[in-house]
């Protein structure tokens, strides 16, 4: 799965909103369901524990078919054998992460509006994430949901693969795809589901 083919469902692992499944179990369920991209996001982990889990998830993915992205930490991504890193507005620059991880690494950036999305694109990222699109309980937000209108506007101006994130569920996913999102980043819709693999599979089917 090359950089130019980034498309589909992008799971962001979460063990703070639920404690039935570990990061590794969630990633495994997602990969089995056909999810191509998984982001390991664990703010509450020590570096040692995080590295252990990243390496375990990296061992689950099929080479070429599945991708593992690490949130915020290019150093852990490199040591753990991940495929790339997702950077927030206040994290390391794309160029620094690229030097650390190499040309083949996938580097994504967060944006909340068109101006920030353009900055991410100009910085040389491989994808732009826009959000939050809808209300979400996964992360505390300081601003209102961006909505479908903003997503559509950004789509018109950005050439990179566009990731929509925030409050995306099976019920509202079709309108997000229709607005131009290449990738749907989801967390609670899979992580907090009774059966994460089944929930992931239903989302994957939207792109088939």
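Laboratory data are not the source of any read-out in this text; all were calculated from the coordinates shown. This is a predicted model, so every value here is computed, not measured. Methodologically, a virtual Cβ is constructed for each residue, glycine included, from the backbone with ideal geometry; neighbour enumeration extends over all protein chains shown.
General remarks:
- Considering only 171, 53, 194, the Gaussian network model of the chain with Cα springs below 10 Å gives its largest mean-square fluctuation to 171.
- A Gaussian network model of the chain, with springs between Cα atoms under 10 Å, assigns the largest mean-square fluctuation among 144, 125, 97 to 144.
- Span from the segment 21-53 Cα centroid across to the segment 173-208 one, whole angstrom: 17 Å
- Rounded, prolate or oblate (a/c below 1.5 giving rounded, otherwise prolate when a/b exceeds b/c) for segment 10-75 by Cα gyration tensor: oblate
- Rounded FRET efficiency, nearest 0.05, which uses the C-beta distance separating residue 49 from residue 156 and R0 of 41 Å: 0.45
- For segment 126-207: rounded, prolate or oblate by the Cα gyration tensor [a/c cutoff 1.5]: oblate
- Rounded if a/c under 1.5, otherwise prolate or oblate - the chain, Cα gyration tensor axes: rounded
- Inter-site label distance for residue 32 and residue 103 at 7 Å from Cα along Cβ, in nm: 3.9 nm
- Summary value for the chain: 22 percent relative contact order, contacts being C-alpha pairs under 8 angstrom separated by 6+ residues.
- Efficiency of FRET between residue 144 and residue 7 - r from beta-carbon atoms, R0 25 angstrom, step 0.05: 0.35
- Residue exposure proxy: 106, 190, ordered by other Cβ atoms within 10 angstrom of their Cβ from fewest to most, comes out as 106, 190.
- Among 32, 55, the ranking by other beta carbons within 10 Å of each residue's beta carbon, starting with the fewest, stands as 32, 55.
- Among 84, 59, 180, residue whose mean-square fluctuation peaks in a GNM of the chain (springs only between Cα atoms under 10 Å): 59
- At an R0 of 25 angstrom, the distance between the Cβ atoms of residue 113 and residue 207 translates into a FRET efficiency of 0.45.
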